[in-house]
Amino acid sequence: MPPSRARTTTALALLLLTATACTAAEREPTPAPHSLPVSRQARELRLPLDAYASTIAETHLVEDAQDILMRRCMKNRGMEWKSLPRVDAQDTEPPNLRRYGADEVEALRHGYHPSPDPPSVVRRNRAWDTREALPAEVQRAAYGPSGKGGCLKITDRQLVGDTAPLDFHAFNRLTGSALETSRRTPEVRDALRRWHTCMAKTGSDYPDPYAAAGDKRWETSEPTPAERATARADVACQKSTKLVKVWSAAETRVQHRLIRQHTDRLDTAKTRKDRWLTAARRVLNQEGGTNHQHRASAR
């Protein structure tokens, strides 16, 4: 199996989505007609630890460089290797989408169901599906028996030498801790109480936006009228109570404290990330990818 797979969200966003709004029934990804519709607030929300994470675009950058080297290695073994199709820059989710609950634009359109994947994301995901279904002989040549050998091991050594890959699990634990710690601050608890009171006026009784998004009633193939109405009330109450503004400010303070406490570890992680990105850009440029569309997201 391929060792990494950047879907529509980062590892962190996937973690949060699982905890909140992914209770909707599983369905085949459907291409959206345009780029991903999310609110301006979601696109602009930045947190201090974002500087140490890899964006989806950066992960795609590394994958595309790996593909170039993998293609050469597999060719030497008499096998074909198809590169993944590129994802349009406007089609990737912002890093903190749904961090504090449903997004306004998504909620108005889809309730608590996720937005349909944009076409370029669907194409890349389908290419991953095809890659994961390659014959066993090709899989062994590409990844070795362990999934970490074969041409992949050769490619990564050519790319960054002995530099280790990023530890997403450690980063998720840190950001998860920041989220939970900020949730317990007096100002966030007060904002959540006000949000709860606001929702109660509409006939809903949820302790927080996560519970609203995770209601088992929304486990349907398409959003129901009740789900849409609840989601609209949810984001309206978020806005009237300034929940996202209060919570993000509290978490920003918590994350700054965590960065001071873990400076050495985070600096090491960022250095490692920068080495991977620099190496990937070098490979892409050497391949004639000066006009490569992937760029590190502006922070």
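Some notes on this structure:
- Around Asn96: net Lys/Arg minus Asp/Glu count, Cβ-Cβ under 11 Å: -1
- Each label was represented as a point 7 Å from its Cα along the Cα-to-Cβ direction; for Asp190 and Lys245 these points are 1.4 nm apart.
- Theoretical gain in end-to-end length, Asp162 to Ser83 [0.36 nm per residue, Cα-Cα removed]: 26.0 nm
- Among the protein heavy atoms, those of Glu93 account for about 20 Å² of accessible surface (1.4 Å probe, every chain in place).
- With protein chains left intact and a 1.4 Å probe, residues in the range 97-229 average 50 Å² of accessible area per residue.
The values are calculated or read from the model by the stated rules, or taken from the named source; none is laboratory data. No experiment lies behind these values; they were computed from the predicted model shown. Backbone-built Cβ (ideal geometry, glycine too); neighbour counts: all protein chains shown. For the accessible areas, the whole protein counts, side chains as well, though only heavy atoms, and no ligand, DNA or RNA atoms are used. Shrake-Rupley method; radii C 1.70, N 1.55, O 1.52, S 1.80 Å.
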